[in-house]
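Down below is the structure, laid out as structure tokens.
The values are calculated or read from the model by the stated rules, or taken from the named source; none is laboratory data. If you're wondering where the values come from, they're calculated on a predicted model, not measured in any experiment. In this analysis, Cβ positions are derived from the backbone assuming ideal geometry, glycine residues included, and neighbour counts consider all displayed protein chains. These area figures cover heavy atoms from the full protein model, side chains too; ligands, DNA and RNA do not enter into them. Shrake-Rupley method; radii C 1.70, N 1.55, O 1.52, S 1.80 Å.
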Amino acid sequence: MPKKQSKTNYIFITGGVISSLGKGISSASLGLLLQSRGYTVTVIKLDPYINVDPGTMSPLQHGEVFVTDDGAETDLDLGHYERFLGKSLTRDNNHTTGQVYFEVITKERQGKYLGKTVQVIPHITDEIKKRMLAFDDEFDFVIIEIGGTVGDIESLPFLEAQRQLNMEANHKTLNIHLTYVPYIKAAGEIKTKPTQHSVKTLMEYGIKPDILLCRTEQKLLKDVRAKIALFCMVDVDCVFEVLDAEKTIYEVPLMFSKDGLPDRILTKLGMEIRESDLNKWEKFVDKIKKPKHSVTIALVGKYTNLGDAYKSIIEAFVHAGSINDSKVVVKLVNSEKIEDNNVDEHLAEFDGILIGPGFGDRGIEGKIKAARYARENNVPFFGICLGMQCAVIEYARDICGLSNANSTEFSETPNKVIDFMDEQRKITDKGGTMRLGSYPCIIKPGTKAYEAYGNEYINERHRHRYEVNNDFRDLLQDNGMILSGLSPDRKLVEMMELPNHPWFIGVQFHPELKSRAVTGHPLFIQFIKAAVNHKLKKDKSKI
Ligand code: GLN
């Protein structure tokens, strides 16, 4: 009996020629555009590496680890999807080769394939298809971004699963290939050959693209598009140029929309073309492009060679900037370089200081110095996870008189003001074993935290093993620190702040993971507001 026709349309996005062309932003933008036309959408990212998740990878290799509400450690592209779509995704939105093999090998050991030889096709590809179809009939569109570049050995099983889904009659599919069309300056010419080769490779795998998104620095003239269309077997009106966004990635959906990409997709899939509502998005982008103010923020950390390591923080600043009518210039400051005699040199220019998340003791003393500088000089301060732990260590050392205060993560000191959470003590495995995902927090009324959220009860996402040591709570509070957010059972300190300071907040969770385009995050919005005020005050005192 033929399978029932599914309501879900599957849009595959593959990448060609080189990596870093912006598949994640393109997928997120398409998602937003379809959603703004009243369709329901979700996005899945498939990653070809063998790690079960990116949780054990260095942020310098892979960029930030994005944590979902349900506690999955996922690829940073999920952050783009959440920020553009304005909604939370789950562990079913990101899969890796490692997870797929893990599942198949576990089933093999359980005897689920008794008598059979377990092979890439069909066993691995069936497992991939199961994951691609996890939201079947639930959404109007499932966008599936396949990581890597076509031609890589690693992503072959994912492409084979795509080919098979293309063949199955019970759901509609559309293949989009994002490729690169370089401009060779010396020749003064645009070159289509890399794209032709990439599409040829794709077709060898049995996948014919329906739409080509051509990333290019120069406009693609009609004859270039015609040439690409002819060689790549796509309709000429399905060859789209993707120029670099002038000022912000949040302009990409507007560029796609202007070029008619969503309508072309809907027509190809036989879906109704509907009016879109991008009003709020346009205003948001407009404010990013024409800010009234400008503030400079220090992002202090040790992963300063790669901005992607702090992707969500940097994006949260863009959102908060737009809402505060301010440009936010974020400078990455390497904490390893901050010493007693040069703190000023590193930090004096900033209107706000954020100490970011991190693991391990490298650069930790520089972070503690940065927290002290912000406290003593009334510079707005925001400590996130490890950043809050540094602020607590600094306060314990300088205000509470525990000169050897430290964290168990870095030292054997008796004054472990930051220590393991109880359930973490016995854990030895590193993968997926931290306190992960969304947990509730109760905020003390009358605090700056409460002022930001306007609510006593909040939920935020976590990724950590250590916490403020409850044995030191009284000492910290007796010396003026406000523990402004606690877990509902009051066992964990989730937020701290300092009175008599314009804005000094530390949080054990990761607010950056919940900052969305257009609406932003309350803490980032307030932090930038404080930075703008700090700057205005500084400017006034110069007159
Ligand atoms: N390393 C610290 C911990 O595990 C902080 C983690 C983080 O900043 N995400 O508690």
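Data table
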read-out: 15 Å Cα-Cα reach of residue 491 towards aspartates and glutamates, excluding residues that sit fewer than 8 places from it in its own chain; value: 419, 422, 423, 467, 471, 474
read-out: Whole-Hz ³J(HN,Hα) from phi, Karplus 6.51 cos²θ - 1.76 cosθ + 1.60, for segment 347-353, glycine and proline x; value: 10, 4, 6, 8, 9, x, 10
read-out: Per-residue HN-Hα couplings for segment 428-434 [Karplus 6.51, -1.76, 1.60; θ = phi - 60°; Hz; x = Gly/Pro]; value: 10, 5, 8, x, x, 10, 6
read-out: 5 angstrom amide H check on residue 64, placed H, neighbours 5+ away; value: 309, 310, 311
read-out: Under Karplus coefficients 6.51, -1.76 and 1.60, residue-wise ³J(HN,Hα) of segment 105-120 in Hz, glycine/proline x; value: 5, 4, 5, 4, 5, 7, x, 6, 10, 3, x, 9, 8, 8, 10, 4
read-out: Principal semi-axes in Å for the chain [√(5λ), Cα gyration tensor, largest first]; value: 44, 28, 21
read-out: The chain: angle of helix 23-35 to the longest principal axis, Cα-based, in degrees nearest 10; value: 80
read-out: Accessible area per residue in Å² at 1.4 Å probe, computed on segment 29-133; value: 39
read-out: Residue-averaged [θ]222 nm for the chain, counting only DSSP H segments that reach four residues, each worth -39500 (n - 2.57); value: -10000 deg cm²/dmol
read-out: Residue pairs, from the table 331/542; 302/430; 292/537; 311/430; 7/280; 268/311, whose Cα atoms sit over 26 Å apart; value: 7/280; 268/311
read-out: Solvent-accessible area, 1.4 Å probe, carbon plus sulfur percent, for segment 48-157; value: 55
read-out: Under 10 Å, Cβ to Cβ, from residue 363 - net charge with Lys/Arg +1 and Asp/Glu -1; value: +1
read-out: Relative contact order, percent, segment 310-462 [alpha-carbon distance under 8 Å, six or more residues apart]; value: 13
read-out: Accessible surface of segment 401-543, 1.4 Å probe, proportion on carbon and sulfur as whole %; value: 49
read-out: Long-range HN-HN contacts of residue 326 with modeled amide H, under 5 Å; value: 292, 293
read-out: Relative intensity, log₁₀ I(q)/I(0), of segment 8-140 from a Debye sum that treats every alpha carbon as a point, q = 0.13, 0.18, 0.19, 0.22 Å⁻¹; value: -0.61, -1.09, -1.18, -1.42
read-out: For segment 285-350, accessible area per residue (1.4 Å probe, heavy atoms of protein chains only), Å²; value: 43
read-out: Most to least packed among 93-100, 194-201, 378-385, 233-240 [average Cβ atoms within 10 Å]; value: 378-385, 93-100, 194-201, 233-240
